[in-house]
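K.L.:
The structure is given below, and queries will be raised subsequently.
The values are calculated or read from the model by the stated rules, or taken from the named source; none is laboratory data. This one's a predicted model, so the numbers in the text were calculated from it and none came from an experiment. Virtual Cβ from ideal backbone geometry, glycine too; neighbours counted across all protein chains shown. Ligands, DNA and RNA are excluded from the accessible area calculation, which covers all protein heavy atoms including side chains. Shrake-Rupley method; radii C 1.70, N 1.55, O 1.52, S 1.80 Å.
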Amino acid sequence: MRAFICEVDETGLRRLLSEDMIAGDGVRGYTRHRFARPTTVAWTLLDDGDAKSIRSEVAAGHHEAACGLLLNRAIELISIAAALHETTLPA
């Protein structure tokens, strides 16, 4: 099992990043980042095999299917903003 960061918008899962790929305060950057469309950013805990399947769907452009797989296979899924105690909304 590993932790991942996922970005989801109205079209489905847009990105799935291994948490260890984001150094230092990179995770906090997601709480302050402004996206072009309404986007949810969350932490998820996945089995490596499930993560590979989900990434394959994203790479193939099947964002809605990838989101469905994420929702069905995630062990845990929590909003990054909810997980970071001192998070405030950007001005």
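K.L.:
In the stretch 39-60, is there at least one residue being open to solvent by 30 Å² or more (accessible area, probe 1.4 Å), in contact with a strand residue (DSSP E or B) (Cβ under 6 Å, 6 or more places away or on another chain), assigned to a helix (DSSP H, G or I) and modelled with pLDDT under 80?
P.N.:
no
K.L.:
Select from the stretch 62-88 the residues that are assigned to a loop (DSSP other than H, G, I, E, B) and surrounded by 13 or more Cβ atoms within 10 Å (Cβ to Cβ) and write down the one among them that is modelled with the lowest pLDDT.
P.N.:
In the first step, residues of the stretch 62-88 are kept if they are assigned to a loop (DSSP other than H, G, I, E, B); the result is 62, 74-75, 84-88.
From what is left, the residues that are surrounded by 13 or more Cβ atoms within 10 Å (Cβ to Cβ) are 62, 74, 84, 87.
Working: His62: 97, Ala74: 91, Leu84: 58, Thr87: 47.
This residue is Thr87.
K.L.:
Find all pairs meeting these conditions: Cβ atoms under 9 angstrom apart; at least six residues apart or on different chains; first residue within the stretch 14-26 and acidic (Asp, Glu) and modelled with pLDDT of 60 or more; second residue open to solvent by less than 90 Å² (accessible area, probe 1.4 Å) and in a strand (DSSP E or B).
P.N.:
That search, which allows pairs on different chains as well, returns Glu19/Arg2; Glu19/Ala3; Glu19/Phe4; Glu19/Ile5; Glu19/Trp43; Asp20/Arg2; Asp20/Ala3.
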